[in-house]
Amino acid sequence: MSFYIPIGPQHPVHPEPLLMKFKVEGEQVIDVEINVSYTHRGIEKGFEYRDYMKGIFLAERICGICNAAHTLCYTQNIEQLLGKEIPPRAKYLRLIVEELSRIHSHLLWLGLAAHQIGFETLFMYVWRDREKVLDLLETITGNRVVTAYNTIGGVRRDITPEIEQKIRKSLDYLEERTKYFKKVVMEEPTVLVRTQNVGILKPREAIELFAVGPVLRASGIKHDIRADDPYIAHDEVPFNVVTYDTCDVYARILVRVDEILECINMVRYSLDHLPSGEYRIRMPVIVRPPPGESVSRVEAPRGELLHYVRSDGSDKPYRYKVRTPTLANIPSTARMLTSRGDYIVYIADIPIIFGSIDPCLCCTGRVMFIDIEKSKSWVWTYNELVRYSLKRFERHD
Amino acid sequence: MIEVLYKMIEMILFPGFAFIGVLSLLYEWIDRKFYARLQNRIGPLYAGPHGILQPLADFIKLLSKEDIIPEGADKFLFTLTPILFFAINLLLTLFLPICGTTGVISFTGDLIFFVALLTMISILVYTAGMASTNRFATIGAERAVLQLIGYEIPFMLSIVSVAISSRSLTIKNIVESQSSIWHILGPNFLAFIIFAITAQAELERIPFDIPEAEQEIVAGWLVEYSGKKLALFRLGKDVETLLLCGLGATLFLGGPLGPVVPGLEIVFYTLYFIVKSIIVLLVLTTLRALFARLRVDQMLVLSWKYLIPLSLISVLIVRVVF
Amino acid sequence: MPRPGYMVSEIYKNLLKKRATILYPFKERELVHLPKGFRGRIIFNRDKCIGCQMCFRVCPAQAIKIIEDEKGKRPIFFMYRCIYCGSCAEYCPVKAIELSDIFENIAFNKKDLLVR
Amino acid sequence: MNEEEIINILKEKFGDKIVECKIPMKRRVFVEVSKECYKDVVKFLLHDLDMKHVEAITGVDAKDHFEVIAHIGYGISVSVKVKISKDEPVIDSICDIARGVELYEREAYDLLGIVFKGNPNLKRFILPEDWPEGVYPLRKDYEAEHPKPLR
């Protein structure tokens, strides 16, 4: 007999607003249906109300973890429209902050994956060592996660020599810890047995379902935007694309851990070869790019991120499209979660398989400013919401 | 008459329920504090000095919470299971020799009765899950039974190998036979390792907390319980932890035996019992901090392919040596 | 060869190490990592301000309102709406706005979150 | 396989159906195609030129007509643009040749109302369930209340 389990919007391990309905027979998962429409914030419509300079801070809030990638993609998009070229030092500074936020995002994911397979100790250690990267980001950009570092025409702050010393010291500590975590993941049998040949995605399926980022590279396909379509300073800073070919959750863990080590070397290289000169070109406050359109692509920690902008000469973008990596990985997740033939998916594997694509649902959903009162199922407009909150707030003080 | 009264006091007060209740809360505090220290955290801190009253605070909080019975649930079984779960655990603690070589109750062959009731507790977990007609609870209950099949045989065999080496099935004789050397130092070391692993499975802790895997099926068979019933289940689980640590100490570390000042035997025996069972508790907590959670089928493979042959070997060794 | 219990030496080493958690709200407030350029609560220097309303135009969250007082136009900042991006401090021509390192911007009363 | 070669191959394969193409910067190609041969161009790019990867499908409401842009390609990104009339916004879907594109088309349908003929389940994807039918937020005529700051 089979019945449905909802791994719903409220779930202890996935604070992500999505509903996965699983058709289950005993312990085996037969079918899955993914529904993503819980927090749609209307960001694409939001862009059309903001001029270009204010759009940076909206782009930054698309995703809480990988916001350095979003601001980088946004500012690069506008610079392509304007046809302006940013100074080489700004390119290297952008690369440093992008790679540091990739380290932070991968370490966060590694801890979460350990938590999903029940390995609490590794979760605690990984998240303790992640504090080092967050302190670095806070020293450079002024805020732990929401970096607000890139702006149109360059970056907003410079790296002074003593910040550079701090970076190097923390990176040595991080490298040694990441190597230790990698050994733990490869040696600990309970981790191996929970992640090997779980959530299989064959290379042919990965290409066909347009998987992106570490999910694609864990299935043996050598594709990375930083190598194929190098932006900012990626053509000068050497790095090798990490691929594993066992196509399962174990490979995804190893891809992400190796990428952390790659990022550390990239940051060290760019610190050694940091060109001098100013880090920002003078831009007017209200930017009016000529009419036209442009596509900019960045390798976000979760995969390949695409921004498309069309401007009509005014100070607000005419249309701004954001395609986030998690949206691209959802079809392949559905494929990984259904058992076919001898490949069986158990209920116990659901959190780690879905977690292995490093889902960031807040990137994927974008809805209007309308608050749906689920219980009474009537629609409030934004003003009613404002009036309601004002009323309640007055009663409070 | 005085005899009955004396037995009543023993059962209620000293080595009985009140003492066990306090001790089990203390054990939960030690377990959480040590587990946190292993992970470089602090653990409970604000309730009482160093958070020692935290388990008591949780218990009282649960008592004050609302007690919901889902309408589809089988009411009688739903309310009976927590009470039975807690009662059996308390009853079993009376067998442990705390302030002397014999517990409050002891008769020849009480080890078999002890182990039979232990299996009874796992059956109760199944009825608890089935009584609450929640999807997650049914899956949790199924997993509990699957896990029971996995760890029950090695658990029994490790106890049997101790019984063989002390040539008796009563706890009193087992304790006395260890006055010269503890079982753990002799050929029973392998049996102790198997006992520790299967005790971890019986208590449903990290490598084997599959029936209530918080990440997969929310809270497994405990999902529908709240208020007083959940409080009883939690306290029952604490008492069960104390029970198994005490059993481990009695079978392998010689229970309350040790050099004693003639006048104050009871005090020394109790101290030895507490110290030895805390050692077993720390071993279980280290196990909890070392591993990731297994899947049910992997757990069965582990026990049928590795634990059972190992326990058979240990019984063989003990049979040859003694 | 996978070795069960690989992390034994690590977890016991941690037993002796100093704990990683900071008892932030009550005891160890000074251990919180606050670097020099931290973007926290806004500090506004009234006499430097020339009333050019540049901060009003640049603020992405519209958290600044221009009011009249005896010396002329001047901004007031609503900290409960501010997103701490630092644009106002950056674009202010006379550097009258500066972001301090106070990050506890919570209050029972909306009035306390108004930076004059 | 740089940008000029792609344009030359496309030009001589599809001839006058290619309305206009330009190279705004390195590794970017913008091609505008007529409505009939949209599917053939995408099929040609995906299989014959071995680009294998459709990154995204963007819907744009350009005042008097709709536009659908398919961004294709791993290294070099080719954007194939098609104009559709506003009163009859139907275009044949490329789901059968590129299975992973189903969610992008559902999103464009959900927010702009462009119907993709041939998409297996073209239903609501992103907007909440009780969102009124026929109201498409990303269209230019849809006026959302601009958020007024709390005072």
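Just so you know, all these numbers are worked out from the coordinates, no wet-lab data involved. The structure displayed is predicted, hence computed values, not measured ones. Note that we place each Cβ from the backbone using ideal geometry, even for glycine, and neighbour counts take in every protein chain shown.
Which of the lysines could a cross-linker span from B:Lys65 if the Cα-Cα distance has to be under 16 Å and same-chain partners fewer than 8 positions apart are dropped?
B:Lys228, B:Lys229
Determine one quarter of the surface area of the Cα convex hull of chain C, which equals its mean projected area, and express it in nm² to one decimal. Mind dumping the intermediate values first?
On the way: hull surface 50.0 nm².
Taking the Cα atoms of chain C, their convex hull projects to 12.5 nm² on average.
Sort C:87-94, B:95-102, A:269-276 by packing, meaning the average of other beta carbons within 10 Å per residue, with the highest value first.
Details: C:87-94: 17.4, B:95-102: 21.8, A:269-276: 14.2.
Taking the mean over residues of other Cβ atoms within 10 Å, the ranking is B:95-102, C:87-94, A:269-276.
Which lysines, on any chain, are close to C:Lys48 with Cα under 21 Å apart, when same-chain ones fewer than 8 places away are left out?
Those lysines meeting the cut-off are C:Lys65, C:Lys71, C:Lys73, C:Lys95.
Give, to the nearest whole percent, the P(r) tail of chain A beyond 34 angstrom, counting all Cα pairs.
Working: 25880 of 78606 pairs.
Cα-Cα pairs of chain A separated by over 34 Å account for 33 percent.
What are the DSSP H helices in chain B that stretch 24 Å or more along their long axis, judged by alpha-carbon atoms, and whose average Kyte-Doolittle hydropathy comes to at least 0.5?
On the way: long enough: B:17-38 (31 Å, 0.72); B:75-93 (29 Å, 1.77); B:110-131 (31 Å, 2.02); B:135-165 (46 Å, 1.13); B:227-252 (37 Å, 0.77); B:265-290 (38 Å, 1.83).
Flagged H segments are B:17-38, B:75-93, B:110-131, B:135-165, B:227-252, B:265-290.
Counting partner chain Cβ atoms within 10 Å of every residue's Cβ in D:50-56, what's the average?
On the way: counts 0, 0, 5, 10, 2, 10, 13.
Per residue, the average neighbour count from other chains is 6.
With n ≥ 4 as the cut-off for DSSP H runs, can you work out [θ] at 222 nm for the protein assembly as shown, using -39500 (n - 2.57) per run divided by the number of residues, rounded to the nearest 500? Before the final figure, lay out the partial values.
Details: 34 runs with 455 residues, N = 986.
Taking each H run of at least 4 residues, the total per residue is -14500 deg cm²/dmol.
According to a simple spin-label model (label point 7 Å from Cα along Cα-to-Cβ), what is the distance in nm between B:Arg319 and C:Glu10?
Rounded to a tenth, the inter-label distance reads 4.2 nm.
Which net charge results when you count Lys and Arg as +1 and Asp and Glu as -1 among the other residues whose beta-carbon is under 13 Å from that of A:Val193?
Working: positive: A:Arg194, B:Arg293, B:Arg295, B:Lys305; negative: A:Glu187, A:Glu188, A:Asp248, A:Asp349, B:Asp297.
The answer is -1.
Take every residue in peptide C:10-23, count the Cβ atoms of other chains within 10 Å of its Cβ, and give the average of those counts. Don't skip to the end; give the middle numbers.
On the way: counts 8, 10, 3, 1, 10, 6, 1, 2, 1, 8, 10, 8, 1, 3.
That average works out to 5.
Between region C:41-116 and region A:51-109, what's the alpha-carbon centroid distance in Å?
Between the Cα centres of region C:41-116 and region A:51-109 lies a distance of 26 Å.
Which order, highest average first, do C:44-56, A:113-125, B:116-128, B:156-168 follow once you tally other Cβ atoms within 10 Å for each residue and take the mean per peptide? Can you show the working numbers first?
Values: C:44-56: 14.8, A:113-125: 24.2, B:116-128: 18.2, B:156-168: 20.5.
Averaged packing, sorted descending, gives the order A:113-125, B:156-168, B:116-128, C:44-56.
Based only on other Cβ atoms within 10 Å, what is the fewest-to-most ordering of A:Phe47, B:Phe114?
Arranged by neighbour count, lowest to highest, A:Phe47, B:Phe114 become B:Phe114, A:Phe47.
Viscosity 1.567 mPa s, temperature 4 °C: Stokes-Einstein D of the protein assembly as shown from its Kirkwood Cα radius, in µm² per second? Intermediate values should be presented prior to the final figure.
Numbers: Rh = 31.9 Å.
My calculation gives 41 µm²/s for D.
Assign unit charges at the C-beta atoms only (+1 for Lys and Arg, -1 for Asp and Glu), then state the dipole size of region A:40-320 relative to its Cα centre in Debye, rounded to the nearest 20. Intermediate values should be presented prior to the final figure.
Numbers: 40 positive and 40 negative charges, 126 e Å.
Value, rounded to 20: 600 debye.
Toward the positive end of the charge dipole of chain A, about the Cα centre and with charges on Cβ (Lys, Arg +1; Asp, Glu -1), which of A:Phe181, A:Ile34, A:Ile264 goes farthest?
The residue sitting farthest along the positive end of the dipole is A:Ile34.
What angle, in degrees between 0 and 90 and rounded to the nearest 10, separates the Cα long axis of helix D:102-112 from the longest principal axis of the Cα atoms of chain D?
For D:102-112 against chain D, the angle is about 50 degrees.
Using the Cα centre of region B:55-123 as origin and beta-carbon charges of +1 (Lys, Arg) and -1 (Asp, Glu), tell me which of B:Ile88, B:Thr102, B:Leu117 is placed farthest towards the positive end of the dipole.
My answer, from the dipole projection, is B:Thr102.
If the only charges are +1 at each Lys and Arg Cβ and -1 at each Asp and Glu Cβ, what is the size of the charge dipole of region C:4-54 around the Cα centre, to the nearest 20 debye? Could the numbers behind the result be given before it?
Values: 11 positive and 4 negative charges, 21 e Å.
In total the dipole reaches around 100 debye.
Where does the Debye-calculated log10 I(q)/I(0) of region B:240-322 sit at q = 0.13, 0.19, 0.21, 0.26 Å⁻¹, using only Cα point scatterers of equal weight, no solvent?
-0.63, -1.00, -1.06, -1.13
I need the peptides B:87-94, D:4-11, D:36-43 ranked by packing, meaning the mean over residues of other C-beta atoms within 10 angstrom, with the highest value on top.
Values: B:87-94: 19.2, D:4-11: 14.6, D:36-43: 17.8.
Highest to lowest by the protection proxy: B:87-94, D:36-43, D:4-11.
In Å³ and rounded to a whole number, note down the convex hull volume per residue for the Cα atoms of region B:15-124. Kindly include the intermediate steps, with their values, before the conclusion.
Numbers: hull volume 18.1 nm³, N = 110.
That works out to 164 Å³ per residue.
I need the trypsin sites (Lys or Arg not before Pro) found in region A:182-232, filtered to DSSP loop residues with at most 16 other beta carbons within 10 Å of theirs.
On the way: sites: A:Lys182, A:Lys183, A:Arg194, A:Arg204, A:Arg217, A:Lys222, A:Arg226; in loops: A:Lys222.
Here the trypsin sites (Lys or Arg not before Pro) that fit, given the DSSP loop and packing criteria, are A:Lys222.
Please list, or write none, the lysines whose alpha carbon is within less than 23 Å of the alpha carbon of B:Lys33, excluding same-chain residues fewer than 8 places away.
Straight-line reach from B:Lys33, under 23 Å: B:Lys61, B:Lys237, B:Lys276, C:Lys13, C:Lys17, C:Lys18, C:Lys27.
Take B:Ile266, project a point 7 Å from its Cα along the Cβ direction, then tell me which residues of region B:9-24 have their backbone nitrogen under 16 Å from it.
B:9-20
What ranking of D:Glu67, D:Glu88 emerges when the number of other C-beta atoms within 10 Å of each C-beta is taken as an exposure proxy, fewest first?
Working: D:Glu67 19, D:Glu88 8.
With the fewest neighbours first, D:Glu67, D:Glu88 line up as D:Glu88, D:Glu67.
How fast does region B:68-131 diffuse by Stokes-Einstein, in µm²/s, taking the Kirkwood radius from C-alpha pairs at 25 °C and 0.890 mPa s?
Details: Rh = 13.3 Å.
For the chosen part, D equals 185 µm²/s.
Just the number, please: Stokes-Einstein D of region D:3-117 in µm²/s, Kirkwood Rh from C-alpha pairs, 20 °C, 1.002 mPa s.
On the way: Rh = 14.2 Å.
The estimated diffusion coefficient comes to 151 µm²/s.
Give the separation of the Cα centroids, region A:177-234 to region A:309-361, in Å.
Spelled out, the Cα-based centre of one part sits 15 Å from the other.
Within 10 Å of each residue's Cβ, count the other Cβ atoms and sort C:Leu31, A:Leu261 from fewest upward. Working shown, then result.
On the way: C:Leu31 9, A:Leu261 16.
Final ranking by Cβ density, sparse to dense: C:Leu31, A:Leu261.
Along the charge dipole of the protein assembly as shown, pointing to its positive end and built from +1/-1 on Cβ of Lys, Arg, Asp and Glu, which listed residue (D:Ala144, C:Phe56, B:Asn188) has its Cα farthest out?
Working it through, the farthest residue towards the positive pole turns out to be C:Phe56.
With +1 assigned to the C-beta of every Lys and Arg and -1 to the C-beta of every Asp and Glu, and no other charges, what is the dipole magnitude of region D:3-117 about the Cα centre in debye, to the nearest 20? Walk me through the numbers on the way to the answer.
On the way: 18 positive and 23 negative charges, 44 e Å.
I would put it at about 220 debye.
Please identify the helices of chain A, taking whole runs of DSSP H, that span at least 20 Å along their own axis as judged from the Cα atoms and have a mean Kyte-Doolittle score of -0.5 or higher. Intermediate values should be presented prior to the final figure.
Details: long enough: A:67-82 (23 Å, -0.09); A:88-116 (42 Å, 0.07); A:120-141 (31 Å, -0.09); A:161-187 (39 Å, -1.07); A:249-272 (35 Å, 0.56); A:382-396 (21 Å, -1.33).
Within chain A the helices that satisfy the rule are A:67-82, A:88-116, A:120-141, A:249-272.
Show the residues, 5+ positions off or on another chain, whose built amide H is closer than 5 Å to the amide H of A:Arg319.
It is A:Arg310, by chain and number.
Provide the percentage of antiparallel DSSP beta bridges, counting only those with both residues in the protein assembly as shown; round to the nearest 5.
Numbers: 67 of 76 bridges.
Taking every DSSP beta bridge within the protein assembly as shown, about 90 percent pair in antiparallel fashion.
Step through the table entries A:Lys132/C:Lys36; A:Lys23/D:Lys52; D:Lys52/D:Lys83; A:Lys45/D:Lys63, compare each Cα-Cα distance with 27 Å, and write down the pairs that go over it. Could the numbers behind the result be given before it?
Numbers: A:Lys132/C:Lys36 17 Å; A:Lys23/D:Lys52 32 Å; D:Lys52/D:Lys83 24 Å; A:Lys45/D:Lys63 15 Å.
A:Lys23/D:Lys52, as the Cα separations exceed 27 Å there.
What is the distance in Å between the Cα centroid of region D:85-141 and that of region B:130-187?
Each part reduced to its Cα centre gives a spacing of 61 Å.
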